[in-house]
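The values are calculated or read from the model by the stated rules, or taken from the named source; none is laboratory data. It should be emphasised that the depicted structure is a prediction, and the values quoted were computed from it without experimental measurement. Here the Cβ positions follow ideal geometry from the backbone for every residue, glycine too, while neighbour counts run over all protein chains shown. These accessible areas exclude ligands, DNA and RNA; they are computed on the full protein's heavy atoms, side chains included. Shrake-Rupley method; radii C 1.70, N 1.55, O 1.52, S 1.80 Å.
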Amino acid sequence: MTSSALMKVFKTASTTPLEAAKKPPALNSALASALASREKRSIRRRLPPPTPIPSISVDSPVDFTSNDYLSLASSTRLRKRLLEKLASSDEVLGSCGSRLLVNPSTHVNLERRLERFFGENRGKEAVEEAEAEGDDPLWSALLFNSGYDANVGFFTSIPQPGDVVILDEYIHASVHDGVRASRVSKDSVLTFRHNSLDALRETLLQLLEANDERSTRLRDGSNSLFLAVESLYSMDGTLAPLREMSDMLEELFPNDNTYMIVDEAHATGIYGTEERPGRGRVAMVGLDGASGQSKGRVIARLHTFGKALGSSGAVILTTPLIRDYLINYARSLIYTTSLTHANVIAIGCSFDMVEDGTAAELSKHLLSLSAYLLNLLYSTLKSEQIPPELVALPPHLLKHLSSHHLTSSSSTTSPLSPIIPLLTPQPRPLSAYLLSKHNLNARPISWPTVPKGADRVRVCLHAANTRQDVESLVRGVVEWCKEREKETLKTKL
């Protein structure tokens, strides 16, 4: 017997019963059990297969899933502009550290540009002259690496002990994470029914009429109340009633101790006014303070660059005091390397496309596609007698569609957005059918991303989509419904 064989026998013989029955590490068991539970409930998340870029691969699926609303991420014009800027720039690679260690001029210049863009829209010289005279900008800008980092940084640091935070029930997870790490007590973090002004008023009145120390300090202005909302909600495509919410805060809290924080991540570049396009829905409803208007109760706006603008990163627009406080206390800003020079240059190129009117034209086409899809899908589902138990549009859209034909109006009351959820209890089969039969990529969304019982296929429209793409989508949805009805009938027989 060889020495290696002898060693193997020895090891086998010397193995104790305890070692033979040794359990896997507790951590492995816990993690595997949690994943198995999600697998059993069909809610286990997985990364999708690598997604080809539409402008490069002609065989790639039609994009109905990404947040590239204006199709700038695949824009050859933007790509050319960025490469030219990078070639002529002295600073391209890295950023060399935290902003508190290294504060690159590219980052500072972008923040000043964003203050001009989202502020009074005055020329560069006029703004610089005002700054030289010691005037504060209308909005002070502070860059973050992502919208998640910005929300976490703001909500962990700005609300003070004794303050109250009120959240729309559908607010982004990053806001919840920030509030959980803040100094606000758990019983002072409240949620209200999504976009419901009645529910918000009821919550505010309960706070004021509680006759406890908290209500007294809110009434006399000793503590503050923060209301966090999104201007456009990413899973439902709903638009927050920003003006009405601000007015309600002013009505119920006359001591100016209530503040709105508006997350414009999905609205940036798409919404605005004719004179000020791309600046988001805060500007659209006249709460950005431009042209002498009041900001209402809006104290901070979050704009991101990784969705309609085709880049990455984010900016918080707020007061100079809050900006200064964030620089001192926002850990997601302090303890991380800042955006690379190349990233900052890319953001600037995207804003070139906004300021030269390109984004406004793309946005008009995008919202006209939204109107076309909604009208076509609503009428087709109705004429084909598709049961709403199989596929249905959400109530906030049905309310408008049942009363009139939607147009791509820029009215602040229009429900149009590039995000259209197709409510269905079978989101994965529908998504798989659209991809395999029609080469359409629209992803399924289930709990815990959305509430239980609110499963959907989330359709995101893009400026590069065509009416033919939309018609193919509607046709695919109806075909899938018809096949499901046939299968159900066979089962019954």
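Here are a few things to note about the model shown:
- Selection within region 422-443 - within 19 Å of the chain's Cα centre (by Cα) and either surrounded by 19 or more Cβ atoms within 10 Å (Cβ to Cβ) or of a type in the set (A, V, I, L, M) (or both): Leu422, Ala442
- Subset tally (residues that are within 24 Å of Ser71 (Cα to Cα) and among the hydroxyl-bearing types (Ser, Thr, Tyr)) for region 354-403: 5
- The condition of being touching a Pro at 6+ places or on another chain (Cβ under 8 Å) and either within 17 Å of Ala150 (Cβ to Cβ) or surrounded by fewer than 23 Cβ atoms within 10 Å (Cβ to Cβ) (or both) holds for only one of Val262, Val344, Val315, that being Val344.
- Residue within region 55-64 that is of a type outside the set (Gly, Ala, Ser), modelled with pLDDT of 55 or more, open to solvent by 80 Å² or more (accessible area, probe 1.4 Å) and outside any loop (DSSP other than H, G, I, E, B) present: no
- Scan region 351-374 for residues that are touching a residue at least 12 places away in the same chain (Cβ under 8 Å) and surrounded by fewer than 21 Cβ atoms within 10 Å (Cβ to Cβ) and the total you get is 11.
- Subset of region 428-457 that is in contact with a Leu (Cβ under 8 Å, 6 or more places away or on another chain) and assigned to a strand (DSSP E or B) - its residue that is nearest to Glu39 (Cα to Cα): Pro444
- Scanning region 432-463 for residues that are more than 30 Å from Glu361 (Cα to Cα) and among the small types (Gly, Ala, Ser) gives Ala432, Ser436, Ser446, Gly453, Ala454.
- Region 277-287, subset among the hydrophobic types (A, V, I, L, M, F, W, C) and in a loop (DSSP other than H, G, I, E, B), residue least open to solvent (accessible area, probe 1.4 Å): Leu287
Per-residue answers, yes or no, for (1) at pLDDT 90 or above; (2) over 19 Å from Ser312 (Cβ atoms); (3) surrounded by 13 or more Cβ atoms within 10 Å (Cβ to Cβ):
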residue	(1), (2), (3)
Ser75	yes, no, yes
His107	yes, no, yes
Glu111	yes, no, yes
Arg116	yes, yes, yes
Gly123	no, yes, no
Glu133	no, yes, no
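- Positions within region 168-202 being part of a helix (DSSP H, G or I) and either open to solvent by less than 40 Å² (accessible area, probe 1.4 Å) or among the hydrophobic types (A, V, I, L, M, F, W, C) (or both), in sequence order: Ala173, Ser174, Val175, Gly178, Val179, Ser188, Leu197, Ala199, Leu200
- Checking Asp263 against (1) among the charged types (D, E, K, R); (2) more than 28 Å from Gln160 (Cα to Cα); (3) touching a strand residue (DSSP E or B) at 6+ places or on another chain (Cβ under 7 Å), the condition it does not meet: (2)
- Region 203-245, subset part of a loop (DSSP other than H, G, I, E, B) and over 23 Å from Gly296 (Cβ atoms), residue least open to solvent (accessible area, probe 1.4 Å): Gly237
- Some residue of region 466-476 being within 26 Å of the chain's Cα centre (by Cα), of a type in the set (S, T, N, Q) and surrounded by 19 or more Cβ atoms within 10 Å (Cβ to Cβ): no
Rundown of residues vs (1) open to solvent by less than 10 Å² (accessible area, probe 1.4 Å); (2) in a helix (DSSP H, G or I); (3) in the same structural domain as Glu471 (by the TED database); (4) at pLDDT 95 or above, yes/no style:
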site: Pro254; (1), (2), (3), (4): no, no, no, no
site: Ala267; (1), (2), (3), (4): yes, no, no, yes
site: Glu275; (1), (2), (3), (4): no, no, no, no
site: Ser291; (1), (2), (3), (4): no, yes, no, no
site: Asp324; (1), (2), (3), (4): no, yes, no, yes
site: Asn328; (1), (2), (3), (4): no, yes, no, yes
site: Cys349; (1), (2), (3), (4): yes, yes, no, yes
